[in-house]
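Engineer: First, the structure itself, so that you have it in front of you.
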Amino acid sequence: MRISAGKVNRAGRGFSIFEILIVIAMVAAMVVMAGPFLSGSLSRNELASFSEGAADALKEARSSATTGRAGGKYGVHFETGKFVFFEGETYSAADPDNVEHVLSGFVSITDISISGSGSDIHFRSVSGSAVETGSVEFTDANDETKTVSVNVAGLIDIQ
């Protein structure tokens with residue numbers, strides 16, 4: 001068997017440390033490039049999730065009020081870092097029956113514009129119309145916004 005000069009048989013040899021470092025560098029570069037995209041995507045998903053959650057809490061309050069459940073007094077309270085579904089004429093932070101939704105670090109409530117300068121929205125029993133009207137703006141880490149609004153008829157919209 002004759003081996004020609006200059007040819008080396010690489011069969012059976014593993015990868016060199018240099019080849020492994022090149023692959024690691026390429027994977028690291030892809031992770032660095034994908035990071036902002038993944039962060040932005042997570043932020044947008046959180047924004048959609050919390051704004052839809054607020055609309056769902058408002059719908060639950062309206063539905064509970066119209067059916068007259070437990071006296072028909074229900075509402076949703078809004079703060080910068082959370083919104084709370086509650087029972088009663090006024091919001092009480094100490095009430096153990098409150099259903100609290102705490103926002104993530106990616107999303108906050110940046111504007112609460114509710115009639116009467118309050119931070120609660122209630123619905124009338126039987127008719128389901130809103131006692132207070134207005135909107136709540138959710139903003140994510142990329143400054144994208146979604147606005148949940150309630151009109152006098154009690155209709156809830158997300159924009």
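Engineer: Within the bounds of the range 90-97, is there any residue that is in a strand (DSSP E or B) and hydrophobic (A, V, I, L, M, F, W, C)?
Structural biologist: Going residue by residue through the range 90-97, those that are in a strand (DSSP E or B) are none.
For the range 90-97, residues in a strand (DSSP E or B) and hydrophobic (A, V, I, L, M, F, W, C): absent.
Engineer: Then there is this: Could you pull out every one of the strands (runs of 3 or more DSSP E) wholly within the range 119-159 that has 3 or more residues that are modelled with pLDDT of 95 or more and within 16 Å of the chain's Cα centre (by Cα)? Quick ask: steps written out before the conclusion?
Structural biologist: On the way: elements: 120-122, 134-140, 145-150, 156-158.
Once the strands (runs of 3 or more DSSP E) in the range 119-159 are filtered for at least 3 residues that are modelled with pLDDT of 95 or more and within 16 Å of the chain's Cα centre (by Cα), what remains is 134-140, 145-150.
Engineer: What number goes with the only condition from (1) open to solvent by less than 30 Å² (accessible area, probe 1.4 Å); (2) modelled with pLDDT under 95 that ILE114 does not pass?
Structural biologist: (2)
Engineer: Residue by residue through the range 41-86, note down the ones that are in a helix (DSSP H, G or I) and basic (Lys, Arg).
Structural biologist: The first filter runs over the range 41-86 and keeps only residues in a helix (DSSP H, G or I), leaving 41-67, 69-72.
Answer for the range 41-86, where residues must be in a helix (DSSP H, G or I) and basic (Lys, Arg): ARG44, LYS59, ARG62, ARG69.
Engineer: Just need a number here: residues in the range 83-107 that are within 11 Å of PHE138 (Cα to Cα) and open to solvent by 40 Å² or more (accessible area, probe 1.4 Å).
Structural biologist: Residues that pass the stated criteria total 1.
Engineer: Moving on to the next point. Kindly list, by first and then second residue, each pair from a residue in the range 98-109 that is of a type outside the set (S, T, N, Q) to a residue that is in a loop (DSSP other than H, G, I, E, B) and surrounded by 19 or more Cβ atoms within 10 Å (Cβ to Cβ), limited to pairs with Cβ atoms under 9 Å and residues at least 6 apart or on different chains.
Structural biologist: That search, which allows pairs on different chains as well, returns ILE109/LEU103.
Engineer: Might you check whether a residue that is open to solvent by 70 Å² or more (accessible area, probe 1.4 Å), more than 22 Å from LEU103 (Cα to Cα), modelled with pLDDT of 85 or more and not charged (D, E, K, R) occurs anywhere in the range 54-72?
Structural biologist: For the range 54-72, residues open to solvent by 70 Å² or more (accessible area, probe 1.4 Å), more than 22 Å from LEU103 (Cα to Cα), modelled with pLDDT of 85 or more and not charged (D, E, K, R): present.
The values are calculated or read from the model by the stated rules, or taken from the named source; none is laboratory data. What you see is a predicted model, and the numbers here were worked out from it, not measured in a lab. As a convention, Cβ positions derive from the backbone with ideal geometry for all residues, glycine included, and neighbour counts pool all protein chains shown. With ligands, DNA and RNA removed, areas are computed over all heavy atoms of the protein, side chains included. Shrake-Rupley method; radii C 1.70, N 1.55, O 1.52, S 1.80 Å.
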